[in-house]
Amino acid sequence: MSGLIGKKIGMTSLYDAAGNLVGCTVLEAGPNVVTQVKTMEKDGYKAVQLAYGERKEKNSSAAAIGHFKKANTTPKARVHEFKEFEEELNLGDKVDMGMFEEGAYIAVTSTSKGKGFQGVVKRHGFSGVGESSHGQHDRSRAPGSVGASSTPSRVFKGMRMAGRMGGDRVTVENLRIVKLDKEKNLMVVEGAVPGPKGSYVILWK
């Protein structure tokens with residue numbers, strides 16, 4: 001699949017053709033720089049490595065600085081490989097959002113917001129144990145029983161319990177492109193995209 005690296009700007013709302021107010025996400029899509037072209041002869045597979053976002057040279061390793069210098073570009077914040085591109089790309093080429101069209105459907109990969117250590121009510125949607133009356137004390141958000149006693153005398157793996165929530169790599173598919181601003185490299189998609197404002201995203205065509 002081909003695509004671009006971008007950034008989540010924030011959310012807004014637009015009216016569709018039927019006059020309904022639709023929640024949308026604004027994304028900055030590129031431009032990206034080709035920092036490596038992998039070939040079957042040298043690397044064993046074909047892929048194009050794209051880079052996006054500026055990073056200060058003092059915050060980059062010497063190896064990274066040398067890698068980006070081969071493509072005649074400054075150090076970048078994010079790199080990602082894409083295995084399929086319709087056009088032939090060379091080292092140092094710039095890739096913009098010209099591959100996308102309004103009305104098309106794309107997939108977006110990002111890292112969801114981290115929620116920290118959470119209980120079962122927030123993490124799994126449990127309703128808690130019973131009601132708050134009849135002498136129960138502080139049980140409204142408790143998980144309840146988690147396993148049998150003598151048989152099997154253990155808790156099975158995968159039991160839904162409290163734990164760290166969020167911070168996962170999430171891909172949302174079938175997001176419709178509502179609007180494109182190719183001069184400002186902005187894209188508006190219908191629906192929500194994981195992650196906070198300013199987080200990096202990967203746009204899949």
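Give me a count of the residues in region 83-105 that are over 30 Å from GLU57 (Cβ atoms), acidic (Asp, Glu) and either touching a residue at least 60 places away in the same chain (Cβ under 8 Å) or open to solvent by less than 60 Å² (accessible area, probe 1.4 Å) (or both).
Residues that pass the stated criteria total 4.
Give me the pairs, please: first residue somewhere in region 117-138 and open to solvent by less than 50 Å² (accessible area, probe 1.4 Å) and part of a strand (DSSP E or B), second residue anywhere and at pLDDT 70 or above and not acidic (Asp, Glu), beta-carbon distance under 7 Å, and either six or more positions apart or on two chains.
GLN118/ALA162; GLN118/MET165
Out of region 106-116, which residues are part of a strand (DSSP E or B) and either open to solvent by less than 70 Å² (accessible area, probe 1.4 Å) or among the aromatic types (Phe, Trp, Tyr) (or both)?
At the first step, the residues of region 106-116 found to be part of a strand (DSSP E or B) are 106-111, 114-116.
ILE106, ALA107, VAL108, THR109, SER110, GLY114, GLY116, listed by residue number.
A quick yes/no check of all residues on (1) over 20 Å from HIS124 (Cβ atoms); (2) open to solvent by 40 Å² or more (accessible area, probe 1.4 Å); (3) in a strand (DSSP E or B); (4) aliphatic (A, V, I, L, M):
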residue	(1), (2), (3), (4)
SER150	yes, yes, no, no
SER153	yes, yes, no, no
MET159	no, yes, no, yes
MET165	no, yes, yes, yes
THR171	yes, yes, yes, no
ARG176	yes, yes, yes, no
MET187	yes, no, yes, yes
VAL193	yes, no, no, yes
ILE202	yes, no, yes, yes
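The values are calculated or read from the model by the stated rules, or taken from the named source; none is laboratory data. Note that the structure is predicted; figures quoted are calculated from it, not measured. All Cβ positions, even for glycine, are placed from backbone atoms using ideal geometry, and neighbour counts span all protein chains on display. The area values use the complete protein model at the heavy-atom level, side chains included, leaving out ligands, DNA and RNA. Shrake-Rupley method; radii C 1.70, N 1.55, O 1.52, S 1.80 Å.
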